[in-house]
Amino acid sequence: MNKVKKYRFDIIKYLFIAGLMVLAIVNFDRLKNIFSYLLTISMPIILGFIIAYVLNIPMVMLEKLYFPNSDSIVIKKTRRPVSIFVSIIIITVVLIFILNLVIPQLISVFGRIIEIIPLLANGIQNWVIENEEIFPPLAEFVETSQIDWQNIVTNMISIANRFTTNIIETTLSTVGSVFSIVVNLFLSLMISLYVLMSKETLGRQFKILSETYLPERGHKGIMYVLEVTDFSFRNFITGEVLEALILGSLVTVGMWIFQFPYASMIGALTGVTALIPVLGAYISGAIGFIMIFVDSPIQALTFLVFIIVIQQLEGNLIYPRVVGGSIGLPGLWVLISITIGGGLLGIWGMLLAVPLVSTLFKLLKNDIEYRRNYKYQAQEYVDAVEEINESDEQEVNN
């Protein structure tokens, strides 16, 4: 009778699940809108937890340095707030330093590019006309067209100014949206500070809820998955920062050795864009090539060779070893995860693919080891029982 009831219960359960799936498919657009609405509402909370998670990494390091052996009550009570404050200050100062180093030189180079475009275009035009035997149709077209490059550049600047004006007008007309963004960022920062100040209490409360409402196996499983996920993401962030420092330093020192211009600026830009796995080096390389090309096309070509060598070194040696080694993921899987993640979700996919694949890799690896050990122990038990039975049979026969 119990088997019949269980069979009926399973049928009802599977029919209920199938019905939910059909409803979800039929109302997919409505569910998508509801999910987007809930995501928008909860975005300050999500962003707050992300900020807290990132700030927690330097905060923990600073707490270990803030009079670790002191028994003073004042030191103990101020250790967490001071560590949080210093972490925020360090990150803010680094960002301001990089922006102050990069943006002014980018503006300067952009101005020089605008100045040099007419001269460069006229030079190419004159060279084509003087060497018309190489490609006569092109020379004839250039000679008859009489393109006014200065006028083209002036029109481009005018279009850019109108575009900038439209952006400013649109921004001013959506002050409410800007105010909402500022409020959400402020709320996210407040949430992150609260989470950091009381992370032990929040962790203890979550553990109590999990132990209370979940079976023991489910509770242990969730805690184990969270532990592995935390390990992967924390080491991924530290590995990314370390890799960015290494790559930025390599580019800066290499440019100084080869006497390329804008060494500090391009090195800092390379370090920042290196936080985007693999692709970041190409972005900074393209910007650096354009900047150096304005000063010297020959040096720009030499820089292109230099940056290609650095990119190959970074993509095939530094990144897989530094980031892959810090999260316990083989270099091949790092490259595969970046490729697939970038293809599916672009830059965000590239950023999240490595720690997610690392988490799955570690969970799968540990599960395989557990199952193999379990089978090995079970086989040992069976062999021992068979050996005992055989010895008993021999004693009976004797």
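A short reminder: the numbers here are calculations on the coordinates, not readings from a lab. Note that the structure is predicted; figures quoted are calculated from it, not measured. Don't worry about glycine lacking a Cβ; one is built from the backbone with ideal geometry, like all the others, and counts go over all protein chains shown.
Here are the numbers for this structure:
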{"item": "Distance (nanometres) between label positions extended 7 Å along Cα→Cβ at residue 286 and residue 206", "result": "3.8"}
{"item": "Residue-by-residue Karplus 3J(HN,Hα) for segment 265-270, coefficients 6.51, -1.76, 1.60, Hz, glycine and proline x", "result": "5, 5, x, 5, 5, 5"}
{"item": "Long pairs among 77/199; 76/199; 220/365; 64/207, criterion Cα-Cα beyond 21 Å", "result": "64/207"}
{"item": "Projected label distance in nm at residue 57 and residue 214, using a 7 Å step from Cα toward the beta-carbon", "result": "2.5"}
{"item": "Among 36-47, 341-352, the order from most to least packed when residues are scored by Cβ within 10 Å on average", "result": "341-352, 36-47"}
{"item": "Using a Förster distance of 35 Å, the FRET efficiency for residue 317-residue 38 (Cβ separation, nearest 0.05)", "result": "0.20"}
{"item": "Karplus (6.51, -1.76, 1.60) ³J(HN,Hα), θ = phi - 60°, over segment 332-344, in Hz, Gly and Pro reported as x", "result": "4, 5, 4, 5, 5, 5, 5, 4, 5, x, x, x, 7"}
{"item": "Förster-model FRET efficiency, 30 Å R0, residue 187 and residue 226, C-beta, rounded to 0.05", "result": "0.75"}
{"item": "Environment charge at residue 270 (Cβ cut-off 15 Å; Lys +1, Arg +1, Asp -1, Glu -1)", "result": "-3"}
{"item": "Neighbour net charge for residue 55 - beta-carbon separation under 14 angstrom, K R +1, D E -1", "result": "+2"}
